[in-house]
1. Taking only pairs six or more apart or across chains, which ones have beta-carbon atoms under 7 Å, a first residue in region 214-234 that is closer than 21 Å to A280 by Cα, and a second residue that is within 11 Å of ligand 2 (Cβ to nearest atom) and β-branched (V, I, T)?
2. From the list L517, L531, L480, which residue is aliphatic (A, V, I, L, M) and more than 20 Å from R390 (Cβ to Cβ)?
3. Can you pull out every residue in region 144-173 that is in contact (Cβ under 8 Å) with a residue 60 or more places away in the chain and either surrounded by fewer than 20 Cβ atoms within 10 Å (Cβ to Cβ) or in a helix (DSSP H, G or I) (or both)?
4. Quick one: which residue in V301, V338 is in a helix (DSSP H, G or I), β-branched (V, I, T) and touching a strand residue (DSSP E or B) at 6+ places or on another chain (Cβ under 7 Å)?
5. Restricting region 35-85 to residues that are of a type in the set (D, E) and modelled with pLDDT under 95, which is nearest to ligand 2 (Cβ to nearest atom)?
6. Scan region 9-58 for residues that are more than 9 Å from ligand 1 (Cβ to nearest atom), part of a helix (DSSP H, G or I) and either in contact with a strand residue (DSSP E or B) (Cβ under 8 Å, 6 or more places away or on another chain) or touching a residue at least 60 places away in the same chain (Cβ under 8 Å) (or both) and report the count.
7. Please count how many residues of region 224-261 are hydrophobic (A, V, I, L, M, F, W, C) and within 11 Å of ligand 1 (Cβ to nearest atom).
8. Yes or no: K176 outside any helix (DSSP H, G or I) and without any contact (Cβ under 8 Å) to a residue 24 or more places away in the chain?
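The values are calculated or read from the model by the stated rules, or taken from the named source; none is laboratory data. As the structure is a prediction and not an experimental result, all values here were calculated from the model. Cβ placement follows ideal geometry from the backbone for every residue including glycine, while neighbour counts extend to all protein chains displayed.
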Amino acid sequence: NASGDPPYIAGLNAPQRQAVLTTDGPVLVLAGAGTGKTAALTARLAHLLYTRKAWPSEILSVTFTNKAAREMRERVGRIVGDVVEGMPWLGTFHAIGAKMLRRHAELVGLQSNFTILDTDDQLRLMKQLITAADLDEKRWPARQLAGLIDGWKNKGLTPDMIDAGESELYANGRGKELYTAYQTRLRALNACDFGDLLLHMLTILKTDRDVLALYQQRFKYIMVDEYQDTNSSQYLWLRLLAQSHKNICCVGDDDQSIYSWRGAQVENILKFEKDFPGAAVIKLEQNYRSTPHILAAASGVIANNGGRLGKTLWTAEDAGEKVEVLGVWDGPEEARRVGEEIETHKFRGGSLNDIAILVRAQHQTREFEDRFISIGLNYKIVGGFRFYERAEIRDALAYLRVINQPADDLAFERIVNVPKRGLGDKAVAKVHLLARAEGIPLMLAAARILDSDELTPQARRSLGNLVGDIARWRDMANDLPHPELARQILDESGYTAMWQAEKSTDAAGRLENLSELVRAMEEYENLGAFLEHVSLVMDNEATADEAKVTIMTIHAAKGLEYDTVFLVGWEEGVFPSQRALDEGGLASLEEERRLAYVAITRARRRCVILHAANRRIYGQWTSSIPSRFVGELPPEHIEAQSSMSGGESLWRANWSERADPFAHVERGTGRGPGWQRAQTLGGVKAGPSRVVESRASAVSLGNKGRSDVSLGLRVF
Ligand code: ATP
Ligand code: MG
């Protein structure tokens, strides 16, 4: 079959070829980790372009991360050349949604330069609305409202679709009213949140036949990776768009559905065949990624979940090494061990790029960062908003947002008195009052209030200066390159000076961050494009010339693979997370187990799982017991080691009676029967260099302090 097959076909197995060559009609590829789903999807895209079945602009390809989109673009580019440059509709749901919405913003009452709010802005806005509605924010927290509204948006529900029952979920039936107020407020700000990017488009597609027809005809082919993690709103959107040509190809794995907390509906896989009758369902069974031991370990864990669609997986790889399970004393030792292993790997000529450390929650990265910095090991953090979330970055961005979009009240609020310019709460409140009374943006209200005698002379002067500065910067924006503009704004506003004056140890780091921000801007065409990037960005692994170890959450590692993977913190209350244990339901535990499956299957050749006997949580030491998932690893595929005596027998004992997933953990305590023994074990090893206070504080801490071990991740 070497006879003239195009290059992207040559290496594929039969079912993969089928997925690539069945271009017309609906196709569902349902297969386990590492079976080449993404590879097939990429080849399919290349095929459509190579055979000219469609122009680049006629293909809608949805990836789960921006990084995945970039990789797909690169790979396809190697086959078909520059055409990929013109693939406007290759990206994440959010990126594609934003691009579409900018074209039709006026249909939902926005302007095309709308701002995309992040969670922080969203919360602040909701707080204001809650107060304005005369509700006690302590009783009805903004976070709760935000969660509800996000949930509704994920389901594709606009305020008018909220029924009494749903509305009842907040403030005795006022949920709908606040959702409505929130949407109205967003419109006034010319802003939307992430959920709106799709929800507004959904509204437009449902109400405007012309726009619907335009896209239905345009998208001759639709492809979706990681289909198991689409939410209802995404699903409805896809279904609408695919109705005309019905050439839709979705690939996914029910065992890797790990975003139900964000509204993902694994049922979308099952609905596919109903919505698209006659769909070709293709199964891939050969895993090309991992060694048999790794695959067997992952399969052993996931076998404990019920209600799976079930899949066969095999690999032609050599047996390779067993999965290593390493018990260590505490968090610092865990970081030290991982550091040593990596240095050995490097010493033997291995590359740091081949290694990933996967954590359950974002905050777990710090221990490794500290360690790697101290031993001079290059690392990068992937996923989340780490860089752009820092306070100084957010402040700087707020200045830029005000310049870019004068109606951006939230940004204006953030900077109105940062650095401190003698504008008290009273003065700011007066500006708010005027803005509300007149229904105008804060910026405009600030300018107008200067003409009155509402303010003290001092406040008036300060506000006058700020308003004048902003007008001047906005003028400058026309002729100055945007990075230069940013630099000047930060200087002239006194923001840079504020940090220079500060003597704290982290001020220098903050200044470096600000320089880095300006540097980052250079990569974008203009300020608008840069701000768009910031609101969409998920991974900030910038310039990757030097080899680096990757540290990231399991969620962010979805779809990726590494030769060596360290899975750290496999302890009850860390992984599975305390939150999952507190919720107590089987569903959340099973989602944790799918995460474990995703984690293990990221490894190609070497998988090392670590668990520590002691953790410092919120400044206090507490004993931990190994994760139930450690106990679920098939013994014949693992090699267990412990830096403490009795390590393996301990967790084997803990998890021997594993039939009932809750038998070991009393709900809400996070402690199983082995907990007492874990403490005793702690005592055995309590040498002089060890931290001994652990045992005492563990008792009093209980699990309360842990309830915050959160997902800590947002991926768009
Ligand atoms: P996941 O479920 O984790 O997203 P996946 O099913 O998308 O996995 P891919 O990432 O596409 O799997 O492929 C896994 C690995 O197998 C990649 O390194 C890929 O290059 C390789 N691979 C895929 N198909 C083949 C093939 N036919 N022959 C050889 N290697 C392949
Ligand atoms: Mg994939």
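1. Matching pairs, first to second residue: D225/T38; D225/T63; D225/V251; Y227/V251.
2. Details: L517 fails: more than 20 Å from R390 (Cβ to Cβ); L531 fails: more than 20 Å from R390 (Cβ to Cβ).
From the options L517, L531, L480, the qualifying one is L480.
3. Of the residues in region 144-173, the ones in contact (Cβ under 8 Å) with a residue 60 or more places away in the chain are 150-151, 153-156.
If the condition is that a residue be in contact (Cβ under 8 Å) with a residue 60 or more places away in the chain and either surrounded by fewer than 20 Cβ atoms within 10 Å (Cβ to Cβ) or in a helix (DSSP H, G or I) (or both), then D150, G151, K153, N154, K155 are the ones that fit.
4. Details: V301 fails: touching a strand residue (DSSP E or B) at 6+ places or on another chain (Cβ under 7 Å).
The conditions single out V338.
5. Keep residues of region 35-85 that are of a type in the set (D, E), which gives 58, 71, 74, 82, 85.
Now narrow it down to the ones that are modelled with pLDDT under 95: 71, 74, 82, 85.
Values: E71: 10, E74: 15, D82: 25, E85: 24 Å.
Out of the qualifying residues, it is E71.
6. Residues in region 9-58 being more than 9 Å from ligand 1 (Cβ to nearest atom), part of a helix (DSSP H, G or I) and either in contact with a strand residue (DSSP E or B) (Cβ under 8 Å, 6 or more places away or on another chain) or touching a residue at least 60 places away in the same chain (Cβ under 8 Å) (or both): 9 in total.
7. At the first step, the residues of region 224-261 found to be hydrophobic (A, V, I, L, M, F, W, C) are 224, 236-238, 240-242, 248-251, 258, 261.
With within 11 Å of ligand 1 (Cβ to nearest atom) added as a condition, the list becomes 251.
Total meeting the criteria: 1.
8. Numbers: outside any helix (DSSP H, G or I): no; without any contact (Cβ under 8 Å) to a residue 24 or more places away in the chain: yes.
The answer is no for K176.
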